[in-house]
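Below is one structure, written out as C-alpha cells; comments come after it.
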Number of protein chains: 2
Amino acid sequence: MTPQERFAVNLRKVRTEAGVSQEELGHLCDLHRTEVSLLERAGREPRMATIIKLAGALNTSVSILCEGVSWLPKAHRFDVKRPPRS
Amino acid sequence: MTPQERFAVNLRKVRTEAGVSQEELGHLCDLHRTEVSLLERAGREPRMATIIKLAGALNTSVSILCEGVSWLPKAHRFDVKRPPRS
DNA sequence: CCCTGCTGTAGCCTAATGTCTGTAGAGGTT
DNA sequence: AACCTCTACAGACATTAGGCTACAGCAGGG
C-alpha cells in the first residue's frame, strides 16, 4: 500500500462522511472534479496547497487526511498502515 | 504571505531547533540538499510525500510543518497567519 | 593563509500535478 | 421508457516539483 493509496482512502472516507459529492468538494476548494476523482483513486499525489484546501473544505485537518502514513528516516522508506476496514 | 512562505518558516524553525543541517536533513529523507534549501526559501511547494518525509526525519508532524496555513472554503482563499517572531 | 562545513543560487532535465473537455456507466426517481 | 446525479476514465495541455551539477559566499578553526 502506497502513501497515496492511504491518502485516497482517508479522503474518500472523510468526504462521504461529510455527505459531499466530488463535484461539490471540487468547487469548495477550487479543484477540478476530475482531480478529486483521481485523488480518491490514488492516481495522484497531492501538493501541500491541495491537502490544505481539502482539509479546509471538509472541515478536518491535514493530519487526518495523512493518517497512517509516516516516514522511517533510518530505513529510508515509508510506513503505511492499512486503514481500519469499515 | 503565501502558504509556502509559511511552510518555509516552519520547516527552518523545526530543522534548526533539531540541530540538523540542510544536507543532513536531505540525506535523512532522500531529498536533495538544494531541494531542502529551496523549500526553506519558499521557492517550492512540497508534495504530500515530501512533507511526510520531512516530518518523519525531523521527528515532528505534518500539522506542525503546515501550522498557520488554512483554507477558507467560502472565501475561496487561503488564510495564512504570520509566524510568531522568534 | 588555507581548509572545511553550511548555505544560496543558477541552469538543465525528467516526471509529475493540476486543468479542461468529453464520453460512459451505474443507480435512483418519475 | 426518459431523466438526473454521481463517478470513472480517456486524451491533451501548461505548469511545476524534484534531482542533479556546478559555482559562489561566508563563517570558524588549523
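Each reported figure results from applying straightforward, stated rules to the coordinates on display, with no laboratory input. Here the structure is a predicted model, which is why all the values come from computation and not from measurement. Counting neighbours? That spans all protein chains shown, and the Cβs are built from the backbone with ideal geometry, glycine included.
Are any of the residues in the range A:45-56 over 26 Å from residue B:2 (Cβ atoms), under 12 Å from the mean Cα position of the chain (by Cα) and buried (at least 17 other Cβ atoms within 10 Å of the Cβ)?
Scanning the range A:45-56, I find no residue that is over 26 Å from residue B:2 (Cβ atoms), under 12 Å from the mean Cα position of the chain (by Cα) and buried (at least 17 other Cβ atoms within 10 Å of the Cβ), so the answer is no.
Here's a check for you: in the range B:23-61, which residue that is outside any helix (DSSP H, G or I) and more than 10 Å from chain A (Cβ to nearest Cβ) is farthest from DNA strand D (Cβ to nearest atom)?
Filtering first and then ranking leaves B:60.
Quick one: in the range B:62-86, which of the residues that are aliphatic (A, V, I, L, M) and exposed (fewer than 14 other Cβ atoms within 10 Å of the Cβ) is farthest from the other protein chains (Cβ to nearest Cβ)?
Filtering the range B:62-86 for residues that are aliphatic (A, V, I, L, M) and exposed (fewer than 14 other Cβ atoms within 10 Å of the Cβ), the one farthest from the other protein chains (Cβ to nearest Cβ) comes out as B:75.
Across the range B:19-44, what is the total count of residues that are more than 11 Å from DNA strand C (Cβ to nearest atom) and surrounded by fewer than 18 Cβ atoms within 10 Å (Cβ to Cβ)?
Looking only at that region, the number is 1.
Within the range B:5-18, is even one residue surrounded by 15 or more Cβ atoms within 10 Å (Cβ to Cβ), touching a residue at least 12 places away in the same chain (Cβ under 8 Å), at the interface with chain A (Cβ under 10 Å from one of its Cβ atoms) and farther than 25 Å from residue A:60 by Cβ?
Checked the range B:5-18: no residue is surrounded by 15 or more Cβ atoms within 10 Å (Cβ to Cβ), touching a residue at least 12 places away in the same chain (Cβ under 8 Å), at the interface with chain A (Cβ under 10 Å from one of its Cβ atoms) and farther than 25 Å from residue A:60 by Cβ.
For the range B:4-18, enumerate the residues that are near DNA strand C (Cβ under 8 Å from one of its atoms) and over 21 Å from residue A:75 (Cβ atoms). Step through it out loud before you land on a result.
Looking only at the range B:4-18, we keep the residues that are near DNA strand C (Cβ under 8 Å from one of its atoms), and these are B:12, B:15-16.
Hits for the range B:4-18 are B:12, B:16.
I'd like to know if the range B:68-85 contains one or more residues that are in a helix (DSSP H, G or I) and of a type in the set (Asp, Glu).
Within the range B:68-85, not a single residue is in a helix (DSSP H, G or I) and of a type in the set (Asp, Glu).
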